[in-house]
Amino acid sequence: MTRAEIYIRSKIDERKTNDTYRSLKPENGLVDFCSNDYLGFARSAEISNAVAQYLKQHTHFNGSTGSRLLSGNTALAEKLEQQIAQFHGAQAGLIFNSGYDANLGLFSSLPRRGDTVITDELIHASIIDGVRLSYANRYTFKHNDLDSLEDKLKQARGNCYVAVESIYSMDGDSAPLTEILALTERYEACLIVDEAHAVGVFNRGLVHQLNLQQRIFATIVTFGKALGAHGAIVLGSELLHNYLVNFARSFIYTTAASFAQLAGVKIAYSFLEQSMAERKKLADNIALFKTHINTQGLIESTSGIQSIIIGGNKQTASAAGLIRDEGFDIRPILSPTVAAGSERLRICLHAFNTDNEIITLANLLNQKTDG
């Protein structure tokens with residue numbers, strides 16, 4: 001075995017308690033409390049049928065055949081960008097193949113050497129990776145701590161960008177967007193908000209709900225969570241759109257999304273506009289879960305993400321296994337995905353979960369994570 005293979009095996013052994021590829025399929029017989037399909041769009045037969053009907057009505061290739069800047073652009077892509085931007089109250093938008101690609105393209109191309117990016121300490125890995133590629137100075141501030149953010153703003157040099165998530169993907173809590181925006185404006189910094197886990201759950205997202213869309217420099221919306229599709233869009237000014245078309249490498253140097261993928265996004269947005277019942281049911285389910293859960297370690301959250309700190313990779317993986325043995329699919333989030341000592345069970349609630357499923361799960365969690 002080579003030294004490289006020895007190293008690879010040692011790293012796998014460190015993470016072997018992380019059951020990364022466990023299948024989430026109807027035939028596994030488990031109740032879904034782990035996916036990001038908050039409104040049930042990904043499993044909706046009605047949406048699937050609407051997409052199929054749309055595809056039948058339009059002539060299209062199976063694949064896009066190239067990048068958007070070569071042969072892969074379509075009228076559907078450009079029109080969809082305009083429609084989504086209008087829906088969220090932005091001037092323009094640029095579609096990327098995934099949320100990771102969107103953050104990588106934005107944060108690697110926008111800040112330059114000598115500029116400053118300040119991120120919440122719990123910011124998504126895709127933003128961290130993008131900033132690293134930019135060679136800009138990067139500071140982190142304590143999670144949702146305005147005093148800590150201001151300390152870093154005082155140290156900023158060059159163009160300054162502050163990046164937060166409206167709903168944090170591992171804790172499920174929300175950022176104080178109004179207060180953060182007021183602070184960034186005072187220091188002439190640009191605020192960028194990742195809305196991946198907010199759009200759909202909070203209709204058009206927290207930025208729009210708080211009426212901040214005209215003051216936010218850029219917003220990232222992903223299609224793979226509540227929308228049940230795939231891809232992402234960066235929303236902002238027409239100027240930002242044109243800049244990214246020319247400088248975002250994860251947009252320029254990749255094959256574009258297929259017509260079918262874009263059709264799925266288009267149909268999902270049409271259903272989102274009429275999803276009040278699903279959002280109401282999800283909100284009711286969140287409230288029901290919080291009423292019945294009383295285990296220690298629960299992170300305060302009003303979103304579909306409810307996380308319980310266990311601590312320790314083995315202990316957390318074992319707790320998840322005990323819950324799965326009872327028929328409920330939840331996943332352990334282990335170190336180094338989260339900081340050592342903060343390993344947790346991440347429970348995702350959905351509009352399609354029944355009252356009985358939620359109450360039973362909460363009671364199991366209370367029993368099996370107590371102490």
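The values are calculated or read from the model by the stated rules, or taken from the named source; none is laboratory data. Owing to the predicted nature of the structure, the values given are computational and were not obtained by experimental measurement. FYI the Cβ positions are ideal-geometry reconstructions off the backbone, even for glycines, and counts take in every protein chain you see. Side chains are part of the model used for accessible areas, which takes the heavy atoms of the whole protein and leaves out ligands, DNA and RNA. Shrake-Rupley method; radii C 1.70, N 1.55, O 1.52, S 1.80 Å.
Please give me the summed charge of the neighbours of residue 237: other residues whose Cβ is under 15 Å from its Cβ, Lys and Arg +1, Asp and Glu -1.
Taking every Cβ under 15 Å from that of residue 237, the sum is -1.
Eigenvalues of the Cα gyration tensor times 5, then square-rooted: what semi-axes does that give for the stretch 32-99, in whole angstrom, largest first?
24, 19, 14
Could you order 292, 241, 88 so the one with the most accessible surface comes first? Probe is 1.4 Å.
Final ranking, largest accessible area leading: 292, 241, 88.
Could you tell me, in Å, what Rg and Dmax come out for the Cα atoms of the stretch 147-285?
Here Rg and the maximum Cα pair distance are 16.5, 47 Å.
Using the Kirkwood formula over every pair of different C-alpha atoms, what hydrodynamic radius in Å results for the stretch 65-136?
After inverting the mean inverse Cα-Cα distance, the result is 13.8 Å.
Based on the alpha-carbon set only, what is the convex hull volume of the stretch 246-366 divided per residue, in Å³?
That works out to 175 Å³ per residue.
Which ³J(HN,Hα) values, rounded to whole Hz and listed in residue order, are derived for the stretch 334-350 from phi using the Karplus coefficients 6.51, -1.76 and 1.60 in 6.51 cos²θ - 1.76 cosθ + 1.60 with θ = phi - 60°, glycine and proline given as x?
After applying 6.51 cos²θ - 1.76 cosθ + 1.60, I find 10, 5, x, 4, 10, 4, 4, x, 10, 4, 8, 8, 9, 9, 9, 9, 9 Hz.
Could you go through the stretch 118-124 in sequence order and give the Karplus-derived ³J(HN,Hα) for each residue, using 6.51 cos²θ - 1.76 cosθ + 1.60 with θ = phi - 60°, rounded to whole Hz, and x for Gly and Pro?
Once θ is set to phi - 60°, the couplings for the stretch 118-124 become 10, 10, 4, 4, 9, 5, 5 Hz.
Identify the trypsin sites (Lys or Arg not before Pro) of the stretch 102-188 meeting these criteria: DSSP loop state and at most 10 other C-beta atoms within 10 Å of the C-beta.
Of the trypsin sites (Lys or Arg not before Pro), the ones in loops of the stretch 102-188 whose Cβ has at most 10 other Cβ atoms within 10 Å are 113, 157.
Run the accessible area of the chain with a 1.4 Å probe and give the carbon-and-sulfur part as a rounded percent.
50 percent
Determine how many Å³ per residue the convex hull of the Cα atoms of the stretch 17-154 encloses.
It is 217 Å³ per residue.
Relative contact order for the chain: what percent, with Cα pairs under 8 Å and sequence separation of 6 or more?
Reported relative contact order: 23 percent.
Treat the chain as a sphere of radius equal to its Kirkwood radius over Cα pairs and apply Stokes-Einstein at 20 °C in a medium of 1.002 mPa s; give the translational diffusion coefficient in µm²/s, rounded to a whole number.
Using the Kirkwood radius from Cα pairs, D works out to 99 µm²/s.
List the residues whose amide H sits under 5 Å from the amide H of residue 141, counting only those 5 or more places along or on another chain, with H placed 1.01 Å from N in the peptide plane.
Long-range HN contacts for residue 141: 119, 120, 121.
Counting Lys and Arg as +1 and Asp and Glu as -1, what is the net charge of the other residues whose Cβ lies under 13 Å from the Cβ of residue 97?
With Lys, Arg at +1 and Asp, Glu at -1, the neighbours total +1.
Check cross-link reach from residue 11 to the lysines: straight Cα distance under 16 Å, and skip same-chain residues fewer than eight apart.
Partners within reach: 314.
With a 1.4 Å probe and all protein chains left in place, how much accessible area per residue does the chain have, in Å²?
Counting only protein heavy atoms, the per-residue value for the chain is 47 Å².
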